[in-house]
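Please read the structure below before turning to the comments.
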Amino acid sequence: MMLNNSTILITGGTGSFGNTFVPMTLAKFNPKKIIIYSRDEMKQWNMAKKFPNDSRVRFFIGDVRDKERLYRALDGVDFVVHAAATKIVPTAEYNPFECIKTNVNGAMNLIDACIDMRVKRLVALSTDKASQPINLYGATKLCSDKLFIAGNSYSGGRTKFSVVRYGNVMGSRGSVIPYFIETSKTGKLTITDKRMTRFMISLEQGVELVWHAFDDMEGGEIYVKKIPSMNICDIATAVDSSAEQIEVGIRPGEKLHEQMIGVEDAPFTYEYPEHFKILPQICNWGDIKDMIKGGELVPKGFSYTSDNNTEWMSIPQLKDWISENSKKIGSI
């Protein structure tokens, strides 16, 4: 695997994804160096305590909005994981200029810097909210996805850019499971809409999808992992079956069901045993045939949403997962 003995930089590396990606990647690939690039010194200080004697882990204060700082940080870097984003939906709605500066302008800065510094490959983290977006966060991530795909044209194949897309991560900070665990202490759980469904993916699965993308990518692909769905009421029951569930109505900018592949993407989407791959609609930097690699084109009108999923997680399965991961839920 190409990550062996390499230098990797992860933007927004002190977040939930970075806190899982770093130890897993150190253990599996023994990279020469992993650089955590982020703007929060306290989060970096706390994260550094987990790797007290590991010279492979480095920390670099910086913001993706600052192109000059990115150039300095990317010196000698082989691979980049782009995890930095303004991602809380209400925060983005109330602070749209700031969201665009990070999610759109930051992506542009990173693309330019990676090409100029001769980075080999970049994988950007996306979200279900980028598929037919209805809020500003989703719209900025759709822009970001398009920018990274087009970055392959700018680089002339020198730097390859691809995207991985998944929904809310089970147990991550700010997600529904730790929220339900905390509020269940009151004996009541607020449900926005009892019809709501969500995809269920673990941080470890997210990391493995990034690894696969690095290994498989030709540049321009969007990788979507096949994962199970759950109804929001079943998630609440798995957390605390005795708590009263109170329906309060869907929040502004929130979807009833998650979507990761829309019908408009179907003509460009190929299926594999464990994932889907959306190929670029415009590609002037390589051969689309090289990207397909044995995949099968999905049927006309295909979409991948949390309510039309063929795989569902049961209440006992989620209970078992919560029990096994209780110490880290909401902590990273």
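Coordinate-derived values only; no laboratory data. A quick note: this is a predicted structure, and the numbers were derived from the prediction, not measured. Cβ sites come from the backbone with ideal geometry, for glycine too, and all protein chains shown count toward neighbours.
Each of 269, 149, 103 was scored by the projection of its Cα onto the charge dipole of the chain, and the greatest displacement toward the positive side belongs to 103; charges sit on the C-beta of Lys, Arg, Asp and Glu. In this rough spin-label picture, where each label sits 7 Å from Cα along the Cβ direction, the residue 116-residue 205 distance is 4.0 nm. Across the chain, the longest run free of exposed loop sites, meaning trypsin sites (Lys or Arg not before Pro) lying outside DSSP classes H, G, I, E and B with no more than 12 other Cβ atoms within 10 Å, spans 51-193. Between residue 94 and residue 215, the modelled labels are 4.3 nm apart [label points 7 Å from Cα along Cα→Cβ]. Remark: spin-label model distance residue 292-residue 320 equals 3.8 nm, labels positioned 7 Å along the Cα→Cβ axis.
Think of each Lys and Arg Cβ as +1 and each Asp and Glu Cβ as -1; about the Cα centre, that makes the dipole of the range 143-292 roughly 360 debye.
A Förster distance of 22 Å, applied to the separation of the beta-carbon atoms of residue 257 and residue 328, puts the FRET efficiency at 0.20. About its Cα centre, the dipole of the range 13-90 is roughly 160 debye, where the only charges are +1 on Lys and Arg Cβ and -1 on Asp and Glu Cβ. Partners of residue 289 within straight-line reach, counting aspartates and glutamates whose Cα lies under 15 Å from its Cα and excluding those fewer than 8 residues away in the same chain: 216, 218, 221, 271. For the chain, the Cβ-based charge dipole about the Cα centre amounts to some 880 debye (Lys, Arg positive; Asp, Glu negative; other atoms uncharged). Normalised by the number of residues in the range 1-77, the mean separation of alpha-carbon contacts (under 8 Å, six or more apart) gives a relative contact order of 33 percent.
Computed with the Debye formula from one identical point scatterer per Cα of the range 1-69, without solvent, the log10 of I(q)/I(0) at q = 0.13 Å⁻¹ comes to -0.33.
In the chain, helical runs assigned H by DSSP with n ≥ 4 each contribute -39500 (n - 2.57); averaged across all residues and rounded to the nearest 500, the mean residue ellipticity at 222 nm is -10000 deg cm²/dmol.
Pairs from the list 32/160; 43/185; 255/319; 87/277; 300/328 with a Cα-Cα gap above 32 Å: 300/328. Between 174, 76, 187, the Gaussian network model of the chain with springs among Cα atoms under 10 angstrom shows the greatest mean-square fluctuation at 187. Each semi-axis of the equivalent ellipsoid for the chain is √(5λ) with λ an eigenvalue of the Cα gyration tensor; in descending order they amount to 31, 24, 19 Å.
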